[in-house]
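Presented below is the structure to which this report refers.
The values are calculated or read from the model by the stated rules, or taken from the named source; none is laboratory data. All of these numbers come straight from a predicted model, not from anything done at the bench. When we count neighbours, we look across all protein chains shown, and the Cβ atoms used for this are built from the backbone with ideal geometry, even at glycine. All accessible areas refer to the heavy atoms of the entire protein, side chains included, with ligands and DNA or RNA removed. Shrake-Rupley method; radii C 1.70, N 1.55, O 1.52, S 1.80 Å.
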Amino acid sequence: MSRLEIEQIPVLNDNYVYLAHDPETQATGVVDPAVVAPVMEALERRGWRLTHILNTHHHADHTGGNLEIKQATGCTVVGPRADAHRIPGIDVQVGEGDTVRLGDAVARVFDVPGHTSGHIAYWFEDSDALFCGDTIFSLGCGRMFEGTPEQFWDSLSKLRALPDDTRVYCAHEYTQANLRFSLSVDPDNTVLRDLGTEIERLRAENRPTVPSLLGVEKAANPFLRADDPALADKLGLAGAAPERVFAEVRARKDSF
């Protein structure tokens, strides 16, 4: 198996687009291309030829560049089977248990509904890389536009089960705001408080906080800790089911 080279491209106000390049075969994918120009500029600078677009879900800030990039490069568009009718230019439909090859690099696909009904994530195990779109953010998760708390908690639980050294390549730079919210519901979490110092430093230097490590997210991200009795107790939900705790955390974040 091959280990990917990954380039992070900041676009729009707070989006991240990723180039994933297999140096062995020269295959290159772009994950959730919101716009065209920065992607094409990065490819030219790197001397990489685009072979794939990997979409996690249908929102325009993840698929807006699909058609123009596909026309310019002839690449193959891969996206969620459950949302295929909303993915511009889709060629290959994938879902839970499928694999996607990017040259010699192989991703396992997870169905992770919650933010949208057809959301998927790509896990490149040999590269310790998880491209999860808007399912997990550093210290957060996406808004629950189309799913249910039960679905979203199940999705987060799937991704939480991956190894601690997995790097979480999420699609937005929301960490500083997520930090403030997380401290409001979990103020005594020492991992979270220590992490906050580093987050504030990075943002003061206009540097990204993404990717984050999944092991750190497991300890500090309240959305991944809905089955932690200590967090449930702090929310006044001692003994409640994890999906109920998750729903409460999500509701508080929506109005924070």
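Annotations for the structure displayed:
- Index of the failed condition, residue 38 passing every other in (1) over 20 Å from residue 171 (Cβ atoms); (2) over 18 Å from the mean Cα position of the chain (by Cα): (1)
- Scanning the stretch 30-47 for residues that are surrounded by fewer than 19 Cβ atoms within 10 Å (Cβ to Cβ) and either outside any helix (DSSP H, G or I) or of a type in the set (Lys, Arg) (or both) yields 35, 36, 45, 46, 47.
- All conditions in (1) over 18 Å from the mean Cα position of the chain (by Cα); (2) buried (at least 22 other Cβ atoms within 10 Å of the Cβ); (3) of a type in the set (Phe, Trp, Tyr) hold for residue 122, with the sole exception of (1).
- When residues of the stretch 3-16 are limited to those that are among the hydrophobic types (A, V, I, L, M, F, W, C) and free of Cβ contacts under 8 Å to residues at least 40 places away in the same chain, the one nearest to residue 65 (Cα to Cα): 11
- Long-range neighbours under 6 Å by Cβ, at least six apart or interchain, first residue free of Cβ contacts under 8 Å to residues at least 12 places away in the same chain within the stretch 158-183, second of a type in the set (D, E, K, R): none
- Pairs where the first residue, in the stretch 36-56, is of a type in the set (Phe, Trp, Tyr) and the second is crowded, with 21+ Cβ neighbours inside 10 Å and part of a strand (DSSP E or B), C-beta under 9 Å, 6+ apart: 48/19; 48/21; 48/28
- Here residue 161 meets each of (1) open to solvent by 40 Å² or more (accessible area, probe 1.4 Å); (2) within 12 Å of the chain's Cα centre (by Cα) with one exception, condition (2).
- Just so you know, in the stretch 107-123 the residues that are touching a residue at least 60 places away in the same chain (Cβ under 8 Å) and assigned to a strand (DSSP E or B) include one that is farthest from residue 166 (Cα to Cα), and it is 120.
- In the stretch 96-106, the residue that is nearest to residue 147 (Cα to Cα) out of those that are in a loop (DSSP other than H, G, I, E, B) and touching a Phe, Trp or Tyr at 6+ places or on another chain (Cβ under 9 Å) is 96.
- Qualifying residues in the stretch 48-57 (those that are assigned to a loop (DSSP other than H, G, I, E, B) and hydrophobic (A, V, I, L, M, F, W, C)) - the one surrounded by the fewest Cβ atoms within 10 Å (Cβ to Cβ): 48
- Condition met for residue 78 (over 17 Å from residue 171 (Cβ atoms) and either touching a residue at least 60 places away in the same chain (Cβ under 8 Å) or open to solvent by less than 10 Å² (accessible area, probe 1.4 Å) (or both)): no
- Comparison of 60, 72, 27 shows that the only residue that is open to solvent by less than 40 Å² (accessible area, probe 1.4 Å), hydrophobic (A, V, I, L, M, F, W, C) and out of contact with any Pro (no Cβ under 8 Å at 6 or more places or on another chain) is 27.
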